[in-house]
There are 2 protein chains.
Amino acid sequence: MTAAAPPPLPRIEDIQAAHERIGPYIHRTPVLTSALLDAACGGSLFFKSEHLQKAGAFKARGAANAVALLPEQDAARGVCTHSSGNHGAALALAAARRGIPAHVVMPDNAPAVKRAAVAAYGATIVPCEGTLTAREAMLDEVVQRTGACVVHPYDDERVIAGQGTVALELLAQTEDLEVVAIPVGGGGLLGGMALALKTLRPGIRVLGVEPAGADDAFRSFGLGERLPQTSPDTIADGLRAGLGVRNFALIQQHVDAIVTVSEEAIIAAMKLLMSRMKQVVEPSGAVPYAGVLEHGEWFRGRRAAIVISGGNVDLDRLPWY
Amino acid sequence: MTAAAPPPLPRIEDIQAAHERIGPYIHRTPVLTSALLDAACGGSLFFKSEHLQKAGAFKARGAANAVALLPEQDAARGVCTHSSGNHGAALALAAARRGIPAHVVMPDNAPAVKRAAVAAYGATIVPCEGTLTAREAMLDEVVQRTGACVVHPYDDERVIAGQGTVALELLAQTEDLEVVAIPVGGGGLLGGMALALKTLRPGIRVLGVEPAGADDAFRSFGLGERLPQTSPDTIADGLRAGLGVRNFALIQQHVDAIVTVSEEAIIAAMKLLMSRMKQVVEPSGAVPYAGVLEHGEWFRGRRAAIVISGGNVDLDRLPWY
């Protein structure tokens, strides 16, 4: 029995080209530090702040790269995707910039704030049920009806290459990093960043951090085989997706370890980032700092980057109320 | 009938000297921008971000300056003040740095988060009732008992000079400003910044912004006579104090106008700064942006700095819950 040949993976050159290509369309986000949070963990933390990215999350990068790479005749038919939120908003923004239509299939359980963002950028929202099957079926229907090009939220070379640009910026902004902690859901950010980090700085330890309530990446990485995500149960709504094929291949090649964090730690991390650093971070974006709280041994005495992936949280429904 | 001679006021040289003196002890806070908030008001806004200052507010500046200026024999007896929060924490921090005791008289209605900060920096908290009379009486008692030097939260030349350093940084960071909007409570920040701004860039329009529920500065400025603050009623806990003598004199000399804002606008401003800029801002710190929401004519088509004065808000008691 032989496994099917894997789809082509992005290379470091694709990430470098994406970096040039999307530069005019995205923010070079700052790296923030906090003496208080350093003292609390006994390490030196560098918070790469993608919650300050356009549309409030790193997803702006992958979507910008994918839309920019579309040939003119394909682009004219528009783009479509299914997304619980940030990728949908990012794709809507990129499509609006290029002047083409966007259709976003959104599950009923997507946060209202993310739904509002997609609508604000002028995309058409196509509602569906929350299961992956329902999302994919509805997306097929949209493609049949409109001919729009699918831009998958993470299992897409162009998207992964775009997300990997976070690593290029981080390396240019921060010296002598020893550890980089990155959230993992579908694996676009972790896969792309790990490829770039390990290619350019092989000595850096790359750590994926995942909610224990949606731990398919943790289990798949340990087993060496991609397992499906079954009934994810976490407030980190951006990390409920299952690992993509390309993403898992990159993670197997380039990631050193994956750890999981509890819901309590995710909420505590959100609150600490808000109260100590004055930064509004969504649950998924707080997951790597939750890793600092629950896996301190990775950070004590080290220079570590913590990737805050996004800040689109519904302020009327903060999880501690 | 002749008025009593006013106490000596700080001069621009005092602010410049304070800038040198406190440089090692404070953060040079960033100036943040937002394309979304610019589009919403039709102007160009530059958010001077003192919520990212040490101890979470501009108060770190004045306290650092006052403590640094104490002669050795006075400093040895310690410092004391009454404060609803941010000045207390700032003084506690400055005292801890110099290795001297600090006593902070705090009213019962001070936010828990601010009380915790004062305690965390190692100061002794002396509880009292919420009225100004009770606060002053308790402070007198502390002075009698300990011999500590009083550092008033705002009606103090050294403190005003320290707060004025925000303006020196802002002018170095942002070109061609036409308007600067500054919150006003006791008047330390507004008085100090207005002195610096008008001395160094007379063409800049300096606007004080005050909660309508604590509008003694607005009324005093209009009348040309310092009125007492009577029963302040606002969620902006940092702006409930009445104008100081020195502060009013500086404001009369250097401020162009004072406008008031509603509680609804303060809450809306907090929420917009959190949802759009991902910045955690306390109610007092959101007051100048509330000014943008309710007095748009000052900002439309202009380059305007908005001073976010602090970010110490109790996340368990956000005002929209």
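The values are calculated or read from the model by the stated rules, or taken from the named source; none is laboratory data. Note that this is a predicted model, so its numbers are computed, not measured. Note: ideal-geometry Cβ built from the backbone for every residue, glycine included; neighbour counts use all protein chains shown. The protein model used for the area step is the full one, side chains on, heavy atoms only, and it has no ligands, DNA or RNA in it. Shrake-Rupley method; radii C 1.70, N 1.55, O 1.52, S 1.80 Å.
Structure data summary
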| item | result |
| --- | --- |
| Residue-averaged 222 nm ellipticity for the protein assembly as shown, from DSSP H runs of 4+ at -39500 (n - 2.57), nearest 500 | -13500 deg cm²/dmol |
| Total accessible area lost when A and B pair, probe 1.4 Å, Å² to nearest 100 | 1600 Å² |
| Contour minus Cα-Cα distance for B:Glu20 and B:Ala119 (0.36 nm per residue) | 32.8 nm |
| Hydrodynamic radius by Kirkwood, which averages 1/r over all alpha carbon pairs of chain A, in angstrom | 19.3 Å |
| Net length gained if the chain between A:Leu132 and A:Thr230 were fully extended (0.36 nm per residue, minus Cα distance) | 34.3 nm |
| Euclidean distance of C-alpha centroids, segment A:234-259 and segment B:70-120, integer Å | 47 Å |
| Dipole magnitude of segment A:1-106, debye to nearest 20 (Cβ charges: Lys/Arg +1, Asp/Glu -1, about Cα centre) | 200 debye |
| Under-5 Å amide H pairs with B:Arg205, H placed in peptide plane, nonlocal only | B:Val179, B:Val180 |
| For segment A:31-136, accessible area per residue (1.4 Å probe, heavy atoms of protein chains only), Å² | 35 Å² |
| Listing of segment B:41-72 residues, each with accessible area lower by at least 20 Å² in the full protein assembly than in the chain alone (probe 1.4 Å) | B:Leu52 |
| By average C-beta atoms within 10 angstrom, highest first, the peptides B:92-99, B:206-213 | B:206-213, B:92-99 |
| Listed pairs A:Lys59/B:Lys59; A:Lys48/A:Lys198; A:Lys54/B:Lys59 exceeding 26 Å between Cα atoms | A:Lys59/B:Lys59; A:Lys54/B:Lys59 |
| DSSP-assigned coil residues among trypsin sites (Lys or Arg not before Pro) in segment B:290-321, each with at most 10 further Cβ atoms within 10 Å | none |
| Residue among B:Ala63, B:Ala249, B:Phe218 farthest towards the positive dipole end of chain B, charges placed on Cβ | B:Ala63 |
| Dipole magnitude of chain B, debye to nearest 20 (Cβ charges: Lys/Arg +1, Asp/Glu -1, about Cα centre) | 720 debye |
| Segments A:188-198, B:268-278 sorted - mean Cβ within 10 Å per residue, highest first | A:188-198, B:268-278 |
| Residues of segment B:143-238: accessible area per residue with a 1.4 Å probe, Å² | 35 Å² |
| Pairwise FRET efficiency - A:Tyr321 versus A:Ile12, Cβ, R0 = 56 Å, nearest 0.05 | 0.80 |
| Which of A:Leu170, A:Ala137, A:Leu189, positive extreme of dipole for segment A:129-229 (C-beta unit charges) | A:Leu170 |
| Peptide A:31-40, shielding by other chains (average Cβ, 10 Å cutoff) | 1 |
| Charged-residue dipole, Cβ positions (Lys, Arg, Asp, Glu), the protein assembly as shown about Cα centre, Debye nearest 20 | 980 debye |
| Loop-located GluC sites (Glu not before Pro) in segment B:111-187 whose Cβ has at most 16 other Cβ within 10 Å (DSSP) | B:Glu129, B:Glu175 |
| For segment B:187-239, alpha-carbon Rg and Dmax in angstrom | 12.6, 37 |
| Rounded percent of accessible protein surface that carbon and sulfur make up, segment B:245-321, 1.4 Å probe | 44 percent |
| Derived scalar couplings ³J(HN,Hα) [segment A:168-182; Karplus, 6.51 cos²θ - 1.76 cosθ + 1.60; whole Hz; x for Gly, Pro] | 4, 4, 4, 5, 6, 9, 9, 8, 6, 5, 10, 9, 10, 9, 9 |
| For segment A:299-321, residues shielded by at least 20 square angstrom of accessible area compared with the chain on its own, probe 1.4 Å | A:Leu315, A:Asp316, A:Trp320, A:Tyr321 |
| Rounded to whole Hz, the Karplus (6.51, -1.76, 1.60) HN-Hα couplings of segment A:273-278, x for glycine and proline | 5, 6, 7, 8, 9, 6 |
| Teacher prompt: A:Ile12 distances to equivalent labels in other copies, 7 Å Cα→Cβ, nm | 5.4 |
| q = 0.17, 0.18 Å⁻¹, segment B:151-238: log10 I(q)/I(0) [Debye, one scatterer per Cα] | -0.76, -0.84 |
| Within 10 Å of each Cβ in A:202-208, the average number of Cβ atoms from other chains | 0 |
| Farthest positive-ward along the protein assembly as shown dipole, Cα basis, beta-carbon charges - from B:Tyr25, A:Val287, A:Ala95 | B:Tyr25 |
| Solvent-free Debye scattering, log10 I(q)/I(0), computed from the Cα coordinates of segment B:66-208 at q = 0.16, 0.17, 0.18, 0.19 Å⁻¹ | -0.85, -0.93, -0.99, -1.06 |
| Average beta carbon contacts from partner chains per residue of B:271-279, 10 Å cutoff | 6 |
| Other-chain or far-sequence residues with amide H under 5 Å of A:Gly310's (modelled H) | A:His51, A:Glu282, A:Gly285 |
| Segment A:8-65 versus segment A:129-182: alpha-carbon centroid distance in Å | 14 Å |
| At 7 Å out from Cα toward Cβ: B:Glu136 inter-copy label distances (nm, ascending) | 7.4 |
| Other copies of B:Val245: label-to-label distances in nm, shortest first, labels 7 Å along the beta-carbon direction | 8.1 |
| Estimated vicinal HN-Hα couplings, Hz - segment B:213-218 in sequence order (Karplus 6.51, -1.76, 1.60; Gly, Pro = x) | x, 8, 9, 5, 5, 4 |
| Nonlocal amide H pairs with B:Cys80, under 5 Å, H built at 1.01 Å | B:His103, B:Cys149, B:Val150, B:Val151 |
| Cα Rg over Rh - segment B:1-65, Kirkwood | 1.18 |
